[in-house]
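Before any comments, here is the structure.
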Amino acid sequence: MNLKEIVLDKILEQGILPLFFHHDKAESIAILRTLYQAGIRVFEFTNRGPEALTVFESLIAARNLDMPDLYLGIGTIKSVEEAQQFLQIGADFIVSPIVNPLVGSLVHEQHKLWIPGCMTPTEIYTAQQQQAALIKLFPANILGPTFMSSIRDLFKGQKFMPTGGVEIEMENLKAWFNSGVCAVGMGSKLIDPKDTGNLFENTKKALDFVSKAR
Ligand SMILES: O=C(O)C(=O)C[C@H](O)[C@H](O)COP(=O)(O)O
């Protein structure tokens with residue numbers, strides 16, 4: 001299996017892709033370690049500030065030190081230049097809020113996973129033309145599980161992951177998995193960088209809920 005297949009498998013197995021941004025290296029590493037201790041093995045940092053590149057570099061270093069079975073991707077990638085920068089320092093996969101086919105080509109040249117963000121059937125089609133194995137439905141709280149159910153038959157076999165406003169809440173998770181998604185992305189409802197006191201318990205709970213919801 002190449003890295004693309006391995007990361008896709010991990011996301012599907014985990015059923016949840018946690019994500020956050022923080023400008024501070026030490027705080028970000030601490031959050032990543034807590035997620036790892038709670039059982040997370042694939043994770044997305046987001047490119048939401050000028051420090052993202054250097055913080056991501058420090059997450060890669062921490063992973064290499066003592067979390068070798070953890071896969072680290074970067075989200076909020078819109079341009080080829082951004083993708084290039086993060087691939088160069090070792091991003092295992094790339095997540096976007098949009099569909100930029102040129103980013104898809106670059107990521108696929110490196111046999112890595114590209115997860116574009118789609119909000120319409122036309123965007124989903126465009127992402128499929130570029131062989132997106134997994135598509136992020138974004139913003140998921142605006143679309144809702146009924147959007148997924150309505151378009152599912154148009155895109156048979158395509159894997160989807162809603163992201164944006166997904167909560168650690170059994171009914172919400174059940175509705176998403178019943179609509180046909182393979183995994184969910186979870187940011188602020190799981191990780192509050194300013195209050196990490198319950199992060200370990202919340203992550204365990206989210207993993208447990210996801211395993212029961214599908
Ligand atoms: O820009 C991107 O590529 C992103 O990854 C955006 C994030 O997926 C969502 O903003 C997360 O939303 P919450 O789970 O509600 O915090």
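Using a basic spin-label model with each label point 7 Å from the Cα along Cα→Cβ, how many nm lie between LYS189 and THR146?
So the label points at LYS189 and THR146 sit 1.7 nm apart.
Using a Gaussian network for the chain with springs between C-alpha atoms less than 10 Å apart, which of these wobbles most: VAL80, VAL107, VAL99?
Largest GNM mean-square fluctuation: VAL80.
When Rg is the radius of gyration of the Cα atoms in region 78-153 and Rh is its Kirkwood radius, what does Rg/Rh come to? It would help to have the intermediate numbers written out before the result.
Numbers: Rg = 12.8 Å, Rh = 12.7 Å.
My calculation puts Rg/Rh at 1.00.
If N is the number of residues in region 1-90, what value comes out of its Cα radius of gyration divided by 2.2 N^0.38 Å? If you can, show how the numbers build up before the last one.
Details: Rg = 12.5 Å, N = 90, 2.2 N^0.38 = 12.2 Å.
After normalising by residue count via 2.2 N^0.38 Å, the value is 1.03.
For the chain, compute Rg over Rh where Rg is the Cα radius of gyration and Rh is the Kirkwood radius from the inverse mean 1/r over Cα pairs.
Values: Rg = 15.9 Å, Rh = 17.0 Å.
Here the Rg-to-Rh quotient is 0.94.
Which loop GluC sites (Glu not before Pro) in region 110-214, with loop taken from DSSP, have no more than 13 other Cβ atoms within 10 angstrom of their Cβ?
Numbers: sites: GLU123, GLU167, GLU169, GLU171, GLU201; in loops: GLU167, GLU169.
In loop regions of region 110-214 (DSSP not H, G, I, E or B), the sparsely surrounded GluC sites (Glu not before Pro) are GLU169.
Counting each DSSP H run of 4 or more residues in the chain as -39500 (n - 2.57), what helix-only mean residue ellipticity at 222 nm follows after dividing by all residues, to the nearest 500 deg cm²/dmol?
Values: 9 runs with 104 residues, N = 214.
So the helix-based figure for the chain works out to -15000 deg cm²/dmol.
Between ILE151, ILE135, ILE168, where does the largest GNM mean-square fluctuation fall for the chain, given springs only between Cα atoms within less than 10 Å?
ILE151
Measure off 7 Å from each Cα along the Cα-to-Cβ vector at LEU53 and GLU171, then give the distance between these two points in nanometres to one decimal.
Using points 7 Å along Cα→Cβ, the separation is 4.6 nm.
Figure the gain on full extension for LEU65 and GLU27 (residue separation times 0.36 nm, minus the Cα-Cα span) and round it to one decimal in nm.
Residue separation times 0.36 nm, minus the Cα-Cα distance, leaves 12.0 nm.
Take the chain, connect every pair of alpha-carbon atoms lying under 10 Å apart with a spring to form a Gaussian network, then pick out the residue of PRO97, PRO193, PRO162 with the largest mean-square fluctuation.
The residue with the greatest mean-square fluctuation here is PRO193.
Across region 130-208, what fraction of all alpha-carbon pairs, as a whole percent, falls in each successive 10 Å bin from zero upward?
P(r) over region 130-208, rounded to whole percents: 18, 48, 25, 8, 0.
What number comes out for the charge environment of VAL55, summing +1 per Lys or Arg and -1 per Asp or Glu over other residues with Cβ under 11 Å away? Intermediate results must be reported in sequence, preceding the final value.
On the way: positive: LYS25, ARG48; negative: ASP24, GLU27, GLU51, GLU57.
Taking every Cβ under 11 Å from that of VAL55, the sum is -2.
May I ask which of LYS156/LYS204; LYS112/LYS174; LYS78/LYS212; LYS10/LYS136; LYS25/LYS204 have a Cα-Cα span longer than 26 Å here?
Values: LYS156/LYS204 32 Å; LYS112/LYS174 29 Å; LYS78/LYS212 34 Å; LYS10/LYS136 16 Å; LYS25/LYS204 24 Å.
As for pairs spanning more than 26 Å Cα to Cα, those are LYS156/LYS204; LYS112/LYS174; LYS78/LYS212.
Read-outs: derived from the displayed coordinates by stated rules, not from any lab. Remember, it's a predicted structure, so these values are computed and weren't measured experimentally. With ideal geometry, Cβ positions are generated from the backbone for all residues, glycine too; neighbour counts draw on all protein chains shown.
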